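Here's the structure, in structure tokens; my notes come after.
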Amino acid sequence: MVDLRSRTHGPGATKGVNLVVLAYDDRLVVGDDADGAVHHLDARVHPGDRRAPGETELALVPAREEPSDGEFENSARYTATQLVAIAEAAGDNTAPLLDASGVVVGRAYGVRADLLINDGDVVLNTKTLEPTELSVRADERGLGIRAQIDVSTAAARAAREIAKSRKNQVKPEFTAYTKEEALASEG
């Protein structure tokens, strides 16, 4: 789960966040009660947002170790009305989500919103939705938005591993007792 604490990203870290909302077709649950349809949306910080660099996970909702029935990976529940608001705010900043064989399995929406906590999940405040300037379409390298997210998080993980290995490197001890011994050892 992305770290949006103010001590990490400064005051207002959860305000005006550029997001990618991944709406998979198979994550729609049609209810028999008054709530109607429930969409399990996977919202992530856009890799171009100022809060994305250095983050090894951009999902707003953490992956559940053992999802129960009706739960989906990295997803929170939104109503049909909330999904319509997201789609309207995104406008034409959308892209199809394709599986490995090229079949459309959902849609990605690019929006900007404030975040809040609902039932323990970080969710979009659908009352503060705005369009974002950051596109969810393929970039200049031809990478789709999910691949862009993967590249961003992989780069952060690699940077953390490099920093960790440098921190753990043993520094050679300086063994000369005097300035003369040190200078003599340099040749």
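Laid out as a table, the results:
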| item | result |
| --- | --- |
| Filter result for the condition that a residue is basic (Lys, Arg) and modelled with pLDDT under 95, over ARG157, ARG112, ARG107 | ARG157 |
| Within region 92-156, strands (runs of 3 or more DSSP E) holding 3 or more residues that are open to solvent by 30 Å² or more (accessible area, probe 1.4 Å) and in contact (Cβ under 8 Å) with a residue 24 or more places away in the chain | 104-113 |
| Region 16-36 - residue that is assigned to a strand (DSSP E or B) and open to solvent by 30 Å² or more (accessible area, probe 1.4 Å) and, of those, modelled with the highest pLDDT | TYR24 |
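The values are calculated or read from the model by the stated rules, or taken from the named source; none is laboratory data. Just so we're clear, the structure is a prediction, and the values are computed from it rather than from any experiment. Cβ atoms come from the backbone with ideal geometry, glycine included; neighbour counts cover every protein chain shown. The area values use the complete protein model at the heavy-atom level, side chains included, leaving out ligands, DNA and RNA. Shrake-Rupley method; radii C 1.70, N 1.55, O 1.52, S 1.80 Å.
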